[in-house]
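Taking it in order: structure first as structure tokens, then the write-up.
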Amino acid sequence: MPDWDLLLTDARIATMRADAPDYGVIEDGVIAVADGEIAWIGPRAELPENTVGSTRSLGGRWVTPALIDCHTHLVFAGDRSGEFEERLRGASYEDIARAGGGIMSTVRATRDASADELYANALPRVQALAAEGVGTIEIKSGYGLNIESELKMLSVARQLGEATDVTIRTTLLAAHTVPPEFKDKADAYIDLICEELLPEVVAGKLADAVDAYCESIAFSPDQVARLFERATELGLPVKLHADQLSDGGGAALAAEFKALSADHLEYTSAAGVAAMADAGAVAVLLPGAFLTLGETQLPPLDALRSNNVPIAIATDCNPGTSPICSLRNSMMLAARLFRLTPEECLAGTTRVAAAALGFDDRGTLEAGKRADIAVWDVSHPRELAYWIGTPQLAELLLADSR
Ligand code: DI6
Ligand code: FE
């Protein structure tokens, strides 16, 4: 006689299984949860007899996997609204960066902030994402750019994971831009990351992956390759900010290092997409940055689809290029700006986003997966990529709920 902790009944379930069409829908479904995992899922008619467990009806509501925001920079201090105004008057992101603004202005504010201040700034962002159904969030460092401040950012991100029910994945992005202390000495800064920072991060278990910004205003492919070799040696998976402002061969570089994902990709070539397909890398598209920068070059959507490169969507929440703290709105933007279907948007913030973070225990609703479940007041899951700023989450059930 199956004995389960909880039986969720009367659910319309969008399982988002990879092997099922049309959201993998199960009508009149039941989800049995035991020990934070999905123990059984299927139509009520097939439920094993004599099941034991407390039963709760979801009243015919739609249920999806909890959403996953697989690319954020949500730990930071200050804001960049002044730069936004400058860009509206015609300045480019690169011009502002070269003049010492851009990422560096957030670095100055973040270095000056205490860990407690950073935590207090970031917590409402995590809560805002959770309030719209997000159960897993990736957070990058990259506004410290020295050992002390990068470690501070990663520790704050870990603390956010401990203080909330949300799972936080942390990524070391020390190679975000060249700090002023290393002006014209980017190679020496990469050495510092490889020789001092990375070993300390690994010893403290502070990061789950390593990222870099491969761009003319940041690091060259050779510099990124050196960093990725070291990360790989130390057992950390890599991901890459690739081809956001120009085609620097970032996607192919990410593929060479079997990256979990290559992100942005507006300027990625057909060859870059093919390399990603061979390597099994996920394409993470970031429509908030595309919108904010007034970008017109679309990511290579046809090539991604025809090469079967899985597409994830994330907020890229950051004060410079993507001041958006809503994954739901990012889904709508991906649908509208990139013409992703609502089903692609939902897969991109569940199953594919999980893959972009190296998770195989979440992102779909199937037996054996974590019971990270979002319950919605919608008439169809396509609505999740349709409304803008409309709260529709009825409930977020997370395996770590306490
Ligand atoms: N690309 C981005 O869109 C963010 N980082 C990156 O490498 C922007 C970060 C910032 O401008 O503060
Ligand atoms: Fe980013």
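Taking Cβ atoms as reference points and 13 Å as the exclusive limit, the residues near residue 39 contribute a net charge of -3, counting Lys and Arg as +1 and Asp and Glu as -1. Cβ-to-Cβ counts within 10 Å put 158, 339 in ascending order as 339, 158, the fewest first. Lys/Arg Cβ at +1, Asp/Glu Cβ at -1, dipole of the chain taken about the Cα centre: which of 237, 384, 275 is farthest positive-ward? Most positive-ward Cα: 384.
Measuring r between the beta carbons of residue 49 and residue 392 and using R0 = 25 Å, the FRET efficiency lands at 0.10.
The relative contact order of the chain comes to 19 percent, based on Cα pairs under 8 Å that sit 6 or more residues apart. When the Cα gyration tensor is reduced to axis lengths a ≥ b ≥ c, the ratio a/c is 1.5 or higher for region 342-386, and with a/b not above b/c it is classed as oblate.
Local charge sum around residue 176 (other residues, Cβ-Cβ under 11 Å, Lys/Arg +1, Asp/Glu -1)? Net of charged neighbours comes to -2. At 1.567 mPa s and 4 °C, plugging the Kirkwood radius over alpha-carbon pairs of region 84-212 into Stokes-Einstein gives what diffusion coefficient in µm²/s? In µm²/s, the coefficient is 83. The helix-only estimate of mean residue ellipticity at 222 nm for the chain, built from DSSP H runs of length n ≥ 4 each weighted as -39500 (n - 2.57), is -10000 deg cm²/dmol after division by the residue total.
Between 208, 191, 316, where does the largest GNM mean-square fluctuation fall for the chain, given springs only between Cα atoms within less than 10 Å? Highest fluctuation of the listed residues: 191. Each Lys or Arg adds one and each Asp or Glu takes one away; over the other residues whose Cβ falls under 12 Å from the Cβ of residue 52, this sums to -3. The modelled label-to-label distance between residue 258 and residue 19, using points 7 Å beyond Cα along the C-beta direction, is 2.4 nm. Listed cross-link partners 140/258; 185/258; 152/205; 258/369 are compared with a 23 Å cut-off, the Cα-Cα value being larger for 185/258; 258/369.
Taking one equal scatterer on every alpha-carbon of the chain, how large is log10 of I(q)/I(0) by Debye at q = 0.07 1/Å? Per q value, in the given order, log10 I(q)/I(0) is -0.31. When the Cα gyration tensor is reduced to axis lengths a ≥ b ≥ c, the ratio a/c is 1.5 or higher for region 96-166, and with a/b above b/c it is classed as prolate.
Just to confirm the filter: which GluC sites (Glu not before Pro) across region 6-72 are DSSP coil and have at most 11 other Cβ within 10 angstrom of their Cβ? Those that pass, being in a loop and sparsely packed, are 49.
The numbers here are math on the coordinates, done by the rules we state, and not lab data. Everything numeric here is computed off the predicted structure, so don't read it as measured data. Cβ sites come from the backbone with ideal geometry, for glycine too, and all protein chains shown count toward neighbours.
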